[in-house]
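Working notes, beginning with the structure itself.
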C-alpha cells in the first residue's frame, strides 16, 4: 500500500523551497503527495508548477507581533483553518506531515496532531519564527538548519540537519544563464536578489549606483513583482520580477551575489560557492532573524554584511568592491562546508517516523 505524505508551509517562497526540494524525491519513491496551503498564497502558485501534486487551500490568519485591526479577525480565520485542515487530514489519513512554517502551517500542524499523525517541522532560521514556535509543542521531530537553533529547543526531539538544497540548482549552466540575459562571457556578473517579495531599499540603492556598478559588472536584478523599471533597460542590465525555472542558470553564471539574508537563499549561495554581500531585513521590518543569519555566515567567513540602517551609496559601493576583490578568500572558506548529506538524512527521518 502506498504511503502518503502531506506538506505544508507558505506565506513567502522561503516557507516553500524546502518542500519543493523534497516533493520530487518522494514522488520518485512512489509516495502519494498532497499539499495544504493558504487559499491565495505564493505557495499555491509554486506548487501548481509541480506535476500531479493536489493542493488544498485553507483559511488562514497572519500571526503578527504588532497591533493591527486584523488581529481581531484573524483568530477566527485560524480556527476555521483548523477545522478545514482537521477534516482534510482525517479524510486523507497521511502517514506523516512535513511542515516548513509560515502562518498557514499552524492550523495544519495542530490538525495533524489531533489526528495522531506524526509531524516533522523544519526551521530554517537561527531563531524560530512565531508560527513554528506555536507549532513546535505538537511536533514529533524538529529539524534545524543552524546548529545554534537546536541549543534552545527540546533536545529529545530536535535534530540539527543543515540545509536542504534543491537538486535543480546543482544542474545550473553558466552558458545558459549568459544566453538568457544576453551577457558577455568575459565580464563578471553580479546577481542581485531582494527575496521573493523584492526589496525597495536594495532596488533603490542599486539603481542609484547603476552606472558605477556597470563599469565592472553585468547585472541581473531580481527586483520583485511590479518593480521592473522599463526606463533602465540597457545592455548588461537584465531585470526580472521573479525567476523560477531559470534560477539555477542565473545563479550558475553569477560571480558575486547581493541578497537579503533569508536562510534558504544564503545556504544555496554557500553550496554554489558564491561570494555574498548580505543586506538583512532590519529589526524594524522583521523579527531580526535575517540579521542573525547574516552574522552567523559572516563569522564563518562566507560573506560580508551591510545593515540596512547603514545603507548609503558610499557604504554600498565600498562593500561591493571589498567582497569582489576578496572573492577568492570567501570561496576558499565556503569550500570547507559540506551539505550533501542533509537531504538524505531528512528523507530517512521522514520514512522512519511515518506510521
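Overview of results
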| read-out | value |
| --- | --- |
| Folded to 0 to 90 degrees: helix 342-353 orientation relative to the chain principal axis, Cα | 10 |
| Estimated Rh, region 180-275: Kirkwood, alpha-carbon pairs, angstrom | 13.4 |
| Angle in degrees between helix 289-300 and the longest Cα principal axis of the chain, rounded to the nearest 10 | 60 |
| Nearest 10 degrees, 0 to 90: helix 105-114 Cα axis against the chain principal axis | 20 |
| Highest-fluctuation residue, 145, 127, 313 considered, GNM on the chain with Cα pairs under 10 Å | 313 |
| Cα-based shape type of region 114-154, given that a ≥ b ≥ c are square roots of the gyration tensor eigenvalues and the cut on a/c is 1.5 | prolate |
| For the chain, share of DSSP beta bridges that run antiparallel, in % to the nearest 5 | 0 |
| DSSP-defined antiparallel bridges as percent of all bridges, region 168-334, nearest 5 | 5 |
| Rounded, prolate or oblate (a/c below 1.5 giving rounded, otherwise prolate when a/b exceeds b/c) for region 168-334 by Cα gyration tensor | rounded |
| Segment residue 244-residue 338, extension gain: residue separation times 0.36 nm, minus the distance between their alpha carbons | 31.4 nm |
| Top of 112, 332, 248 by mean-square fluctuation, Gaussian network on the chain, Cα under 10 Å | 332 |
| Inter-centroid distance (Cα atoms) of region 272-309 relative to region 90-106, Å | 30 |
| Within region 18-40, backbone nitrogen closer than 17 Å to the virtual label 7 Å beyond the Cα of residue 348 toward Cβ | 26 |
| Expected 222 nm ellipticity per residue - DSSP helices of 4 or more, -39500 (n - 2.57), all of the chain, to 500 | -11500 deg cm²/dmol |
| Gaussian network model of the chain, springs between alpha carbon atoms under 10 Å - residue of 134, 23, 291 with greatest fluctuation | 134 |
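Every number here is computed from the coordinates shown, using simple stated rules; none is lab data. In this text the structure is predicted, and so the values were computed from the model without any measurement. Ideal geometry is used to build each Cβ from the backbone, glycine not excepted, and the neighbour counts take in all protein chains shown.
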